[in-house]
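K.L.:
My questions will all concern the structure given below.
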Amino acid sequence: MSNTPESVLVGSLQKFSVEDGPGIRTTVFMKGCPLSCKWCHNPELIDPQQQLIKSPNNCIGCGYCVKICPQGAVTMNLEEGVVIDRSKCDVCLKCEDECYAQALRPVAKPMTIDEILCIAEQDKGFYDNTEGGITVSGGEILMHAEFVSKLIDEAGKRGINVCMDTSGFGDSQALMKMALMENVTDILYDMKSIDDEVHREYTGVSNQLIIGNLRRLAANARTVDKLIMRMPLIKGVNDSDDIIKRTGELYREIGVKRVNLLPYHSLGISKKRNVGGTQEEFEQPTEERLTEIEFYFKNEINLKVEILGRV
């Protein structure tokens, strides 16, 4: 596991989030994920190690990063601006230290539980008035299970409720331990594809552990009502009648009551480019298809359905 008892790498703390669980929330995005979804909207959080990311629009063209890099990994040209040779870069971050325009910066920073909660506590009044709290997300929180468990416990001592956002790909006992904690009110649980072959092709891992962990959570009377299924919908990948109906049948079988539909968006493409790499572009289902899927889950499976993240 990539966690330590003292700190984890946090990509960002997003305040006033309204689509990561109920009420107004502060979402904690931790770095590191065992899945490599081809459409990931936070691809900079997949690698558990620190990375250097570019913000090309911030660059003022001073060239100081080129001079200061001890590995000779940074160059500049007229077409691309700053160019990083990732094979040479050892992420020493000396360029970031001297880049006043913040065109180069680390993807994440190490944060302790107290540092996270001190920021989250600033908005406790909003949480209390909206049934909100903090959402622990990623990356994948199960890569930091020990740290997250302690974070949830300490949040509870400070009167803050927690929503967990997980792919379910990780240690079953750790997941259940966190899910059973009193101040965990909701569990956002990802369902990329119920078809294992599709899941392997587009995320890099099997869905068997994910579905097994989902069944365990749904079989426990103390956790089943916390579940909110989250389904990214990518045209031609996981929006077919077969996949949607098999998913609905599973939800009905295990007693899931809520589902969020998340139409594909391309916001991860530029992030992937700026952290070094390329990401395939997909399409979101048509509005007509989204309405059909929403109707099916709502009227045939009797779920509470929300469509989130339209762009």
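The values are calculated or read from the model by the stated rules, or taken from the named source; none is laboratory data. Quantities reported herein were computed from a predicted structural model and do not represent experimental measurements. All Cβ positions, even for glycine, are placed from backbone atoms using ideal geometry, and neighbour counts span all protein chains on display.
K.L.:
Go over the candidates T166, T135 one by one and state the one that is in contact with a helix residue (DSSP H, G or I) (Cβ under 6 Å, 6 or more places away or on another chain), buried (at least 20 other Cβ atoms within 10 Å of the Cβ) and assigned by TED's automatic domain parsing to the domain that holds G11. Full working, then the answer.
P.N.:
Values: T135 fails: in contact with a helix residue (DSSP H, G or I) (Cβ under 6 Å, 6 or more places away or on another chain).
On inspection, the qualifying residue turns out to be T166.
K.L.:
Can you work out which of the residues in segment 138-163 that are of a type in the set (A, V, I, L, M) and not in a helix (DSSP H, G or I) is surrounded by the most Cβ atoms within 10 Å (Cβ to Cβ)? Reasoning before the result, please.
P.N.:
So the first thing to find is which residues in segment 138-163 are of a type in the set (A, V, I, L, M), and the list is 141-143, 145, 148, 151-152, 155, 160, 162.
Next, from what is left, pick out any that are not in a helix (DSSP H, G or I): 160, 162.
Details: I160: 21, V162: 26.
Ranking the qualifying residues of segment 138-163, first place goes to V162.
K.L.:
Of all residues in segment 87-135, count the ones that are among the aromatic types (F, W, Y) and either touching an Asp or Glu at 6+ places or on another chain (Cβ under 9 Å) or over 27 Å from N274 (Cα atoms) (or both). Working first, answer last.
P.N.:
Step one: of segment 87-135, the residues among the aromatic types (F, W, Y) are 100, 126-127.
Now restrict to residues that are either touching an Asp or Glu at 6+ places or on another chain (Cβ under 9 Å) or over 27 Å from N274 (Cα atoms) (or both): 126-127.
Qualifying residue count, segment 87-135: 2.
K.L.:
Filter segment 1-25 for residues that are surrounded by fewer than 18 Cβ atoms within 10 Å (Cβ to Cβ) and among the charged types (D, E, K, R); which is modelled with the highest pLDDT?
P.N.:
Filtering segment 1-25 for residues that are surrounded by fewer than 18 Cβ atoms within 10 Å (Cβ to Cβ) and among the charged types (D, E, K, R), the one modelled with the highest pLDDT comes out as K15.
K.L.:
Tell me, which strands (runs of 3 or more DSSP E) lie completely within segment 202-311 with 3 or more residues that are buried (at least 19 other Cβ atoms within 10 Å of the Cβ) and not hydroxyl-bearing (S, T, Y)? Write out each step before concluding.
P.N.:
Working: elements: 227-233, 258-263, 304-307.
Here the list reads 227-233, 258-263.
K.L.:
Filter segment 284-296 for residues that are closer than 11 Å to G248 by Cβ and either modelled with pLDDT under 95 or under 24 Å from the mean Cα position of the chain (by Cα) (or both) and give the result.
P.N.:
Result: I293, single match.
K.L.:
Now, a different point. Criterion first (among the hydrophobic types (A, V, I, L, M, F, W, C), in the same structural domain as Y100 (by TED's automatic domain parsing) and surrounded by 20 or more Cβ atoms within 10 Å (Cβ to Cβ)) does C69 satisfy it? I'd like the intermediate steps shown before the answer.
P.N.:
Numbers: among the hydrophobic types (A, V, I, L, M, F, W, C): yes; in the same structural domain as Y100 (by TED's automatic domain parsing): yes; surrounded by 20 or more Cβ atoms within 10 Å (Cβ to Cβ): yes.
Spelling it out, C69 is indeed among the hydrophobic types (A, V, I, L, M, F, W, C), in the same structural domain as Y100 (by TED's automatic domain parsing) and surrounded by 20 or more Cβ atoms within 10 Å (Cβ to Cβ).
K.L.:
Return a yes/no flag: does segment 26-46 have any residue that is surrounded by 18 or more Cβ atoms within 10 Å (Cβ to Cβ) and over 30 Å from R258 (Cβ atoms).
P.N.:
No; the residues of segment 26-46 include none that is surrounded by 18 or more Cβ atoms within 10 Å (Cβ to Cβ) and over 30 Å from R258 (Cβ atoms).
K.L.:
Continuing with this model, one more query. Among the numbered conditions (1) farther than 30 Å from P106 by Cα; (2) in contact with a strand residue (DSSP E or B) (Cβ under 9 Å, 6 or more places away or on another chain), tell me where L262 comes up short.
P.N.:
All conditions are met except number (1).
K.L.:
Just a yes or no: is a residue in segment 182-201 at pLDDT 95 or above, surrounded by fewer than 18 Cβ atoms within 10 Å (Cβ to Cβ), of a type in the set (K, R) and farther than 26 Å from N302 by Cβ?
P.N.:
yes
K.L.:
Need the failing condition index for G63 against (1) at positive phi; (2) modelled with pLDDT of 95 or more, just the number.
P.N.:
All conditions pass for G63, except number (2).
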